[in-house]
Amino acid sequence: MLPMIDRRRFLSVGALTATVPGFLAKTGSLLADDKSLANKERVLVVVQLAGGNDGLNTLIPFRDDAYYKARPKIGIARTKSLKIADDFALHPEVGDLRKLYDAGELAVVPNVGYPNPNRSHFRATEIWETATPEKDVLTGWVGRYFDAECRGVPSPMLGLQLGEKPAMTFAHPKGRAVTLTNPSLFKWDDATGQAMERLNRVATTDNPQLDFLQRTGNDTLSLSRKIQDALKDGKSGAEYAPFNFSQSLKVVAQMIAAEVPTRVYYVSLGGFDTHTTQTGRHAGLLQELSQGIGSFVADLKALGHLDRTLVMSFSEFGRRVSENEQQGTDHGTAGVMFLAGGKVKAGVHGSRPDLSDLDEGDLKFKTDFRSVYSAVLKDWFAADASKVLGAEFKHLPILA
């Protein structure tokens, strides 16, 4: 069975609680007649930085003396930071992201937020997942995209999350996504598999129900084997670090290369709630993020799938401008987003944060995160963004 869902989210993501064999059966029967999901289908990989990533120490305004005044102990030294633009430098532990930037495969969006920010981890995460800060809704922005734009695509596995707790990003009464803690769940248990094999050995009859079951069984077993083969053969064009985040991205790369009919993948890296002793902890997390995305991009490039893949990172909020007494940072507002892939417009898409004009110690956001979502929907998926997001947002030219 898939992981249990808390009561508050049951109505919105209840469709995700079906057994995996049942899910695969539905997938197999629908894929039987589908010829449209080819190698050219575009894919989005959403990366959540859970806990509230410190954007100011990730994308550093290294020319601003106010930054160093606010962070005398945890600020990143100018001499160590990795300069990428006149006003910005990256944290010294994200060397792989710097290489992607230099190669024209990384876009950076600073000062990302939304009006009237919320500093609760739970609520702020919901806001990013539903793209509806103004009210509490039970559908996710990707779930609404699937419903509005993908009705003609037969696969119910349009979304796949590798993790424990289903993200509201996919939430919709017509659920078309699945959450798994382990990719090995993509297979039949021995008894079920043997039963399907026996069913498929039955001679053809005039019984339409039996014929349907045989076709469904064949298609379902084929899909299950295709996924398992992709994960088992270890086909990879890059080395991945032996950490959960990197290994999850490796699984995603293998499934993309195997042309599994999934449009949006979702992986998480947690631990960014750095209230105390931030310096070492944050550096380690950023290194893990950078290495994971660097390996993922190199892998897909080697396998010939990078141009149809887009990686987008987000965190529920940034941190306050000033460090606290525990040499950490507390919950803040605006943060930074990364987009990586073969079709991004590399560069920093936005201006340096104004540290002289704060909102009670917090950054004032300059780019609504829904402008980024809108660009992904319009320019990547050729979707009607206003229909999914409920309004028009300023166009952000971050994708080719």
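General observations
- Pairs from 250/364; 83/165; 73/343; 250/343; 73/135 whose Cα-Cα separation, in the structure shown, is over 29 Å: 250/364; 83/165; 73/343; 73/135
- Measuring r between the beta carbons of residue 83 and residue 400 and using R0 = 35 Å, the FRET efficiency lands at 0.90.
- Taking the fewest neighbouring Cβ atoms within 10 Å as the starting point, the ordered list for 303, 289 is 303, 289.
- Added length on full extension, which subtracts the Cα-Cα distance from 0.36 nm per residue, residue 181 to residue 345: 55.7 nm
Coordinate-derived values only; no laboratory data. Just so it is clear, the model here is predicted, and its values are computed rather than measured. Here the Cβ is made from the backbone with ideal geometry for all residues, glycine too, and neighbour counts use every protein chain on show.
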